[in-house]
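Here the structure is laid out as structure tokens; the discussion comes afterwards.
The values are calculated or read from the model by the stated rules, or taken from the named source; none is laboratory data. Please read all numbers here as calculations on a predicted model, not as lab measurements. Note: ideal-geometry Cβ built from the backbone for every residue, glycine included; neighbour counts use all protein chains shown. The accessibility values were calculated without ligands, DNA or RNA, using every heavy atom of the protein model including side chains. Shrake-Rupley method; radii C 1.70, N 1.55, O 1.52, S 1.80 Å.
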Amino acid sequence: MSIVINLDVMMARRKISSGELAERIGLSPANLSILKTGKAKAIRFSTLEAICRALECQPGDILEFRS
Amino acid sequence: MWSDRSSVVLSQACVIAFAAILLLVMIFAPALVSWLLDFSRADLRGTEAYFFVTIYGGSMPAILLLYSLFGLLRGLAAEEVFRQKNVEHLRRISWSCFGGSVICLLSTFYYMPWLAVAVAAGFMGLIVRVLKNVVERAVALQDEVDCTV
């Protein structure tokens, strides 16, 4: 897929662990892992909003289009 | 109390009953063919070997069909409905029907009533194939839902 998830990068910048982020955004660790590894086929706006709020970033910081 | 679980169990029992009937037909095929020819078609004496080829040849796809049907029901009992494995089961069931249909169609050269079985099996195969396509699409949708976070 040409959409790349840069969640790892943002998590490293904010120095936040997967477990902590999962807890903050109300997502299961398994689902967060699906998102981090790029296996997700879709992301809900509510999830994206929660991630942006927790990491204090914009959607474009997490999602990237590569042709 | 009747439930979905009871329905699946009943279906499994029916599959086992059909498997038992198939086994009996395979064991007593010589007697059954002899009885058929004695009872109604004395003019077909000498074609017993053809009947055996049709019955035993047709039993192979029937065994595969019953096995796949049982596997499908086992999946349903385990609450695994829209799974790729079930699509494979349905595909095998469909091809088993088509296989049986072809065998019966080829057998019409010595006994025309096989045509009715061939048409019924072919039609059943077609229905199961359409069902397989529907379930295949449902599996893709389920997969997409599972991977939505």
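Can you pull out the residues in region B:37-59 that are among the charged types (D, E, K, R) and over 30 Å from B:Ser96 (Cα atoms)?
Of the residues in region B:37-59, the ones among the charged types (D, E, K, R) are B:38, B:41, B:43, B:45, B:48.
Within region B:37-59, B:Asp38, B:Asp43 qualify.
Hey, among B:Val135, B:Val117, B:Val130, B:Val149, which residue is within 14 Å of another protein chain (Cβ to nearest Cβ) and among the β-branched types (Val, Ile, Thr)? If you could, list the steps in order and put the result at the bottom.
Numbers: B:Val135 fails: within 14 Å of another protein chain (Cβ to nearest Cβ); B:Val117 fails: within 14 Å of another protein chain (Cβ to nearest Cβ); B:Val130 fails: within 14 Å of another protein chain (Cβ to nearest Cβ).
Of the residues listed, the single one that is within 14 Å of another protein chain (Cβ to nearest Cβ) and among the β-branched types (Val, Ile, Thr) is B:Val149.
Among the candidates B:Val145, B:Val102, B:Val119, which residue alone is modelled with pLDDT under 95, open to solvent by 40 Å² or more (accessible area, probe 1.4 Å) and among the β-branched types (Val, Ile, Thr)? Please lay out each step first, then the result.
Details: B:Val102 fails: modelled with pLDDT under 95; B:Val119 fails: modelled with pLDDT under 95.
Sole residue among the options that is modelled with pLDDT under 95, open to solvent by 40 Å² or more (accessible area, probe 1.4 Å) and among the β-branched types (Val, Ile, Thr): B:Val145.
Within region A:31-42, how many residues are part of a helix (DSSP H, G or I), more than 9 Å from chain B (Cβ to nearest Cβ) and either touching a helix residue (DSSP H, G or I) at 6+ places or on another chain (Cβ under 6 Å) or at pLDDT below 90 (or both)?
Residues in region A:31-42 being part of a helix (DSSP H, G or I), more than 9 Å from chain B (Cβ to nearest Cβ) and either touching a helix residue (DSSP H, G or I) at 6+ places or on another chain (Cβ under 6 Å) or at pLDDT below 90 (or both): 1 in total.
Which condition breaks for B:Cys97 when tested against (1) surrounded by 19 or more Cβ atoms within 10 Å (Cβ to Cβ); (2) closer than 30 Å to A:Ala30 by Cβ?
Here B:Cys97 clears every test but (2).
Where residues in region A:18-30 are in a helix (DSSP H, G or I) and of a type in the set (Gly, Ala, Ser), which of them is most open to solvent (accessible area, probe 1.4 Å)? Step through it out loud before you land on a result.
Going through region A:18-30, the residues in a helix (DSSP H, G or I) turn out to be A:18-25, A:29-30.
Cutting the leftovers down to of a type in the set (Gly, Ala, Ser) gives us A:18-19, A:22, A:30.
Details: A:Ser18: 43, A:Gly19: 45, A:Ala22: 3, A:Ala30: 65 Å².
So, considering only residues that are in a helix (DSSP H, G or I) and of a type in the set (Gly, Ala, Ser), the one most open to solvent (accessible area, probe 1.4 Å) is A:Ala30.
Of the residues that sit in region A:1-17 and are surrounded by 13 or more Cβ atoms within 10 Å (Cβ to Cβ) and within 13 Å of chain B (Cβ to nearest Cβ), which one is nearest to A:Arg66 (Cα to Cα)?
This residue is A:Ile5.
Taking B:Ala49 as the residue in question, decide whether it is aliphatic (A, V, I, L, M), within 14 Å of chain A (Cβ to nearest Cβ) and loosely packed, with under 15 Cβ neighbours inside 10 Å. Spell out the reasoning first.
Values: aliphatic (A, V, I, L, M): yes; within 14 Å of chain A (Cβ to nearest Cβ): no; loosely packed, with under 15 Cβ neighbours inside 10 Å: yes.
It is false that B:Ala49 is aliphatic (A, V, I, L, M), within 14 Å of chain A (Cβ to nearest Cβ) and loosely packed, with under 15 Cβ neighbours inside 10 Å.
Does any residue in region A:47-67 that is open to solvent by 50 Å² or more (accessible area, probe 1.4 Å) come within less than 9 Å, Cβ to Cβ, of a residue that is among the polar types (S, T, N, Q) six or more places away or on a different chain, and which pairs are these?
A:Asp61/A:Asn6; A:Leu63/A:Asn6; A:Glu64/A:Asn6; A:Phe65/A:Ser2; A:Arg66/A:Ser2; A:Ser67/A:Ser2
Give the residue, chosen from B:Arg83, B:Arg74, that is open to solvent by 80 Å² or more (accessible area, probe 1.4 Å), away from chain A (no Cβ under 14 Å) and within 30 Å of A:Ser33 (Cα to Cα). Steps first, answer last, please.
Numbers: B:Arg74 fails: within 30 Å of A:Ser33 (Cα to Cα).
Step by step, each of B:Arg83, B:Arg74 is checked, and only B:Arg83 is open to solvent by 80 Å² or more (accessible area, probe 1.4 Å), away from chain A (no Cβ under 14 Å) and within 30 Å of A:Ser33 (Cα to Cα).
Looking at B:Cys104 and the list (1) in contact (Cβ under 8 Å) with a residue 12 or more places away in the chain; (2) within 30 Å of A:Ile34 (Cα to Cα); (3) away from chain A (no Cβ under 14 Å), which single condition is not satisfied?
(2)
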